[in-house]
Every structure is written in C-alpha cells, then in structure tokens.
Amino acid sequence: MDYGVQTTILKIMQQLKTWWKEEVIYQIYPRSFKDSNGDGIGDLQGIISKLDYLKNLGVDIIWLSPIYKSPNDDNGYDISDYYDIHPEFGTMADFDELLAGLHSRGMKLIMDLVVNHTSDEHEWFQDAKRSKDSKYRDYYIWKDGKDGKEPNNWPSFFGGSAWKYNEATDDYYLHLFTEKQPDLNWENPAVRDSICDILKFWLDKGINGFRMDVIPLISKRLEFADAQYDMLNEIIEHVYSNGPKVHTYINEMYERVLKNYDIMTVGEGPGINTEVGLKYVGHDRGELNMIFHLDHMFLGHGEFGKFDPVPYDWSDVKRIFSDWDEAMGDSGWISIFLDNHDFPRLVSRFGNDEDYRKKSAKLLATMVLTLRGTPCIYQGSELGMTNVHFDSIDDYKDVETHNFHEEFKKKGVSTEEFLKLVHENGRDNVRTPMQWNAEKHAGFTDGEPWIKVNPNYTEINAEAAIAEGRGSILEFYKMMLEFRKRNKTFIYGSFEIIPQESKNLFFYKRSDENDTFIVMLNHSDEEEMVDFDMSDYIFVVSNQEYGKVNILQPWEARILKLRKD
Ligand code: GLC
Ligand code: CA
C-alpha cells in the first residue's frame, strides 16, 4: 500500500478512539470564577486555588474563555495582544503555573482562539486605520461607502450596522461584532501566517488544544452583497457563515500547525447546520475534531435574535439532538452542551429553576453526560446555579445587553420591558460570580465584584453542596462523571432514539458489544407513563427516589442496563 494512504488510514483509526472523545470539558469564565487579590475580578491565581475542586469533581479538560490582553469591550473576545496575559488576570508566570498545575493533576487545558477579529486596540488595527499605506491595511476589511452610507445592509451580531466609518481613510471597516472588534481579512496570506505563529506559540507551551471562536465566519463572501434575509439567524447561516474558503483556511491551520500536536480542537459553530457539519469535523477532513453546533441554543430566537423570543418545546430539542447524531454517524463528532458563557443557565432555560431546581439540574446533567459527543459543562452548572434577575439595567455589564437596550429604546420599548427579555436571555445570567460559599459575595472576592453576585448564593453554593453530600447536584455530577468514565458504551456506543408519544419524554438507547443502556428523561413538571418493557433491564441510575416502575415522576431521569444472563 502507498505510504501516504497508509498514514492517512492510521490517522483515521487513531481518531476513532481518542482521549478527546472520552474526556469531559469544563468551561471557566475567568472573570467570574475566583478572585485572588480582592480587585473584584476573577484571575489565574484564583483558578489555581480551585484546581483540587475541579479534579475532585472529575472533569478532565479545562476550557478557559480568553485571558489574553484585551481592552475588554467584549470581556476578552476582543484581543489586543495574543502573546500576553490580560493584566487583570495575572502574568505569563501565573499562566505557566496554571498549566503545570493542571498537567500535574492529569488534566488538560484548552485556550479560546479568537481570530475572526481582533480588538481595535491591537497594534495591527491601530496602524491599519491610520493610512491606506499601512503595512497592516490588508489585515482588515475596508470598503467604500455607498451614497454616503454603509457599504451594505449587514447587521452586527450586537446590534446596529456591521460597518464603521473611519475618518482618516474615508472608508468603512467590517465588524461583525462590536465596532471594537474589526474582522480580520483571511484572504491576506500574512494574516494566516500571523495566526499560525500564534497557534504555534501556545501549543509549544504545551496547551492541549483550542476552542475556536466563531470559526465558520472567517471566510467572507467577497461580493459583500446586501443580505436578503430578515431573520438574524438566517443571515448568520447564509451570509456570514460557511464562506467559500472556510474549509481551505481551517485545513491550512491543520496542515501547517495543528496536525503536528496531539491536541483537540472544537469550533464554535454559529451557522453550521447538519448539512455542512461533516465538512468541518469529518474524520478524514483534516479540519476540526468537533464543533459546538448552536441549533438548540438558537431555539426560541425570533427575527431579531435572542431578545425577540418565540415559543419552542422539547420536541424541537429532541429533534435537533437526533438529527445531529444522525448527521455525524461514524464519520464526525460534536460536543454536547446546554449552556455556556453566551446563553442562559441550563437549569433556568431547559429545566425548572423554581419548584424542581435540583431534580431538573440532575436530569440535564444526565442528558449532557449520556448523549453521544464530548460533554462540556459550564462553571456553576454543577451547583445548579440559576439565571439572575437584576432590577436595574446598570447592574448589567454585557455590551450586547447595553447595545440592544439602546436599539430597543429607539423602537419605543421601555427599559422595564427590555429587562424582562434580559432576565430570560441576557448573557450576564451566566456571568455572575461563581458561588463558592454563603459568605459575603459568595466567597468569590474580598473586594467589590465586577458584577453583582446572584442573591441566591446564600442557598446555592459549593460549600453548601459539599456539606449536603449525597443528594446534592454536585455529588450527582461527580457520580455521573465517574459512571460515564466506567462505561465506554456512552462514548463509543451507538445512539438510537426510542420514540415516545409525549413530547416531554426523551428516551434513547446507547449500546455496543458489551452493554446496552436505556436513558429515560421526563422533561416536565408532570408525571408521565412509561411505555417500555423494562423486564430485561436493571435500574442503574436515578436522579431521585424510585417511585412506581411504570411512572416517571416530574423531571425524573433513569438509566437502565440490559441484564446479561
Ligand atoms: C463568540 C463568543 C462570544 C463573543 C463572540 C465574539 O460567540 O462565544 O462570547 O462575544 O464570539 O467574539
Ligand atoms: Ca483579581
């Protein structure tokens, strides 16, 4: 056999069974995790002080939201120096200590790679905006105005136009996010060289991979034609995402850098649907290991996005998970998650954070840890932390919330009305400080936190969960993380939906040559009859006291295992 073909086959085989399918990711939002020096801002030393907590929980891979130097317009997703640590978070020495601390505990670290755009304070942009002759001019995307207005009708993700006028050069630059986040021009080979250098720098430090921010957006449709869609989500899917060279560019990073390291990559996937998913993550593609598709995250978003809610129900969620599983088959892989730093708390959105907070949090944990894909847990989910309802718009810090507040005001929506939308869908719901104990500011900081703590911290916090022991959400996560590790069927086994009449019920089978498991989830406040012959099965996991065999109690999650004799 041809040597090239042989190595390719070997690589594919290796990809089929690999650590990044078996391990579990835990996302840290550094600003809100733990403050070590009383300035009210979470930092690297704070994370270091909690490494034993994370190890004890049983997660394997820590994904750090951006910690690079940044003016913080979008909390670090606007990077001004890819080679330095944001001073509020610490120093490069702190970073090295964190990485060593994780590795010595047998854990891994992945960094957030934000290269669709930089900060406008990055030296490339500072130079580029000064003159058309700047050597960095082509690092960004410039267009002349049309009849004294923006070059086209593209909206920014965060409200307003995606173009900003630059006086010195009398033209506009593209920013799909805030105007302090100018988009990079990937057409320019120098940009791609610079990005490969960044990748190498961090990988040579020994990190274990990257989460790639809005990666399907890097290749632009160069006609820059007006978007012909009304729905923001459609514009994202058809105009911003999946551009003509996106796969060429991702493959280039892979060939030039990524393939030389034993790492994992997960792409954030706005606009990636089941039809194109495999192009990003197919095992034979030489692109990414997995994606975070956002189909279930965008559920309930209307024409103008998250602050324009429309109804949806569990049948939509089930359909999305089953469609994605089918789309991936044996050829690709996704990550399974129900929240992150951009969306509401999972228990508030998909569970019932009032009457059934603990049970529904445990049910959602069961789901995240038993579907097929690499689970990703967002900080605080293991405590059942909930959305927050601040009464004043000033208590909110997110640039997205404030930009849309201004837009809605112009449309005549009162602040009071707008706040209701923010309570449901604002990103600060998940950005309030981690709740460590019942002391002042939840033990997050000795100073004044950069954003207020959720007032329910006196009840919901890590110390209380540890004291509660068995029965706590935290213990349930630990148990489920161990259970998943012991039972590889949940990693490599097949996945099959067991159809149910009731939209509240989500039943599926995971099976391989060793075992067959049935996962039964009742996503509702009601009892539901079970229409499934359980006589050949034993009960192995439940998130509550067993009641009647044939009835699932509200928010009950059960795992059954096929008897072997
Ligand atoms: C991604 C990030 C989000 C950020 C945006 C722009 O969606 O997850 O937090 O605001 O990209 O970088
Ligand atoms: Ca600090």
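Some observations on this one:
- The stretch between Leu222 and Leu299 holds 24.8 nm of extra length on full extension. This uses 0.36 nm per residue minus the Cα-Cα distance.
- Dipole-positive endmost among Gly305, Asn550, Leu364 within the chain (Cβ charges, Cα centre): Asn550
- Alpha carbon centroid spacing (whole Å) that separates region 357-392 from region 153-185: 35
- Between the C-alpha center of region 399-422 and that of region 512-565 there is a gap of 44 Å.
- Taking the Cα centre of the chain as reference, the dipole from Cβ charges on Lys and Arg (+1) and Asp and Glu (-1) amounts to some 1440 debye.
- Full-stretch length increase - Cys196, Asp323 - with 0.36 nm per residue and alpha-carbon distance subtracted: 42.3 nm
- The aspartates and glutamates whose alpha-carbon is closer than 18 Å to the alpha-carbon of Lys548, local same-chain residues fewer than 8 away aside, are Asp525, Glu526, Glu527, Glu528, Asp531, Asp533, Asp536, Glu556.
- Cα gyration tensor of the chain - equivalent ellipsoid semi-axes, whole Å, descending: 37, 28, 25
- Relative contact order of region 123-174, pairs being alpha-carbon contacts under 8 Å that are 6 or more residues apart, as %: 33
- Modelled label positions at Thr274 and Asp84, each set 7 Å beyond Cα in the direction of Cβ, lie 4.8 nm from each other.
- Dipole of region 197-253 [Lys/Arg +1, Asp/Glu -1 at C-beta], most positive-end residue of Ile250, Leu217, Val239: Ile250
- Sparse-neighbour loop sites [chymotrypsin sites (Phe, Trp or Tyr not before Pro); region 505-565; at most 11 other C-beta within 10 Å; DSSP]: Tyr546
- Placing a label point 7 Å from the Cα of Glu496 along the Cα-to-Cβ direction, the residues of region 312-336 whose backbone N falls under 19 Å from that point are 319, 321-331.
- Peptide packing: for 423-430, 323-330, 204-211, the average count of neighbouring Cβ atoms within 10 Å per residue gives the ranking 423-430, 204-211, 323-330, highest mean first.
- Zone residues, region 353-369, relative to Glu475, backbone N less than 16 Å from point 7 Å out along Cα-to-Cβ: 358-359, 362-363
- Taking amide H as placed 1.01 Å from N in the peptide plane, Met212 has its amide H under 5 Å from the amide H of Leu113, Val266, Gly267, Glu268, each at least 5 places away in sequence or on another chain.
- Efficiency of FRET from Cβ geometry, Val5 and Ala438, R₀ 41 Å, rounded to 0.05: 0.10
- Seen against the Cα atoms of the chain and their longest principal axis, helix 92-104 is set at about 30 degrees.
- Distance violations [Cα-Cα > 23 Å] among Lys306/Lys411; Lys21/Lys259; Lys362/Lys440; Lys17/Lys509: Lys362/Lys440
- Theoretical ellipticity at 222 nm over the chain - DSSP helices of four or more residues, -39500 (n - 2.57) apiece, nearest 500: -8500 deg cm²/dmol
- Surrounding net charge for Cys376, when Lys and Arg each add one and Asp and Glu each subtract one, Cβ distance under 12 Å: -3
- Remark: for residue pairs Lys135/Lys205; Lys50/Lys564; Lys55/Lys359, the C-alpha separation exceeds 32 Å in Lys50/Lys564.
- For a label point 7 Å along the Cα-to-beta-carbon line of Met231, residues of region 284-302 with backbone N under 14 Å: 294-302
- Between Asp147 and Val413, the simple spin-label model (points 7 angstrom out along Cα→Cβ) gives 2.9 nm.
- Tyr53-Tyr254 pseudo-label distance in nm [points 7 Å out on the Cα-to-Cβ vector]: 3.8
- Candidate aspartates and glutamates - alpha carbon under 19 Å from Lys143, same-chain residues fewer than 8 apart omitted: Asp120, Asp127, Asp133, Glu167, Asp170, Asp171, Glu179, Asp183, Glu187, Glu223, Asp226
- Straight-line reach from Lys397: taking Cα to Cα under 16 Å and skipping same-chain neighbours fewer than 8 places apart, the aspartates and glutamates in range are Asp73, Asp74, Asp78, Asp342, Glu406, Glu424, Asp428, Glu448.
- A Cβ-based charge dipole, computed about the Cα centre of region 494-562 with Lys and Arg at +1 and Asp and Glu at -1, lands at about 120 debye.
- Estimated at 0.36 nm per residue, the fully extended path between Glu459 and Lys135 surpasses their Cα-Cα distance by 111.0 nm.
- Net charge of Cβ neighbours under 13 Å - reference Gly101; Lys, Arg +1; Asp, Glu -1: 0
- Other residues whose C-beta falls under 12 angstrom from the C-beta of Trp324 contribute a net charge of -2, scoring Lys and Arg +1 and Asp and Glu -1.
Laboratory data are not the source of any read-out in this text; all were calculated from the coordinates shown. Predicted model only: the values in this text are computed from it and were never measured. Methodologically, a virtual Cβ is constructed for each residue, glycine included, from the backbone with ideal geometry; neighbour enumeration extends over all protein chains shown.
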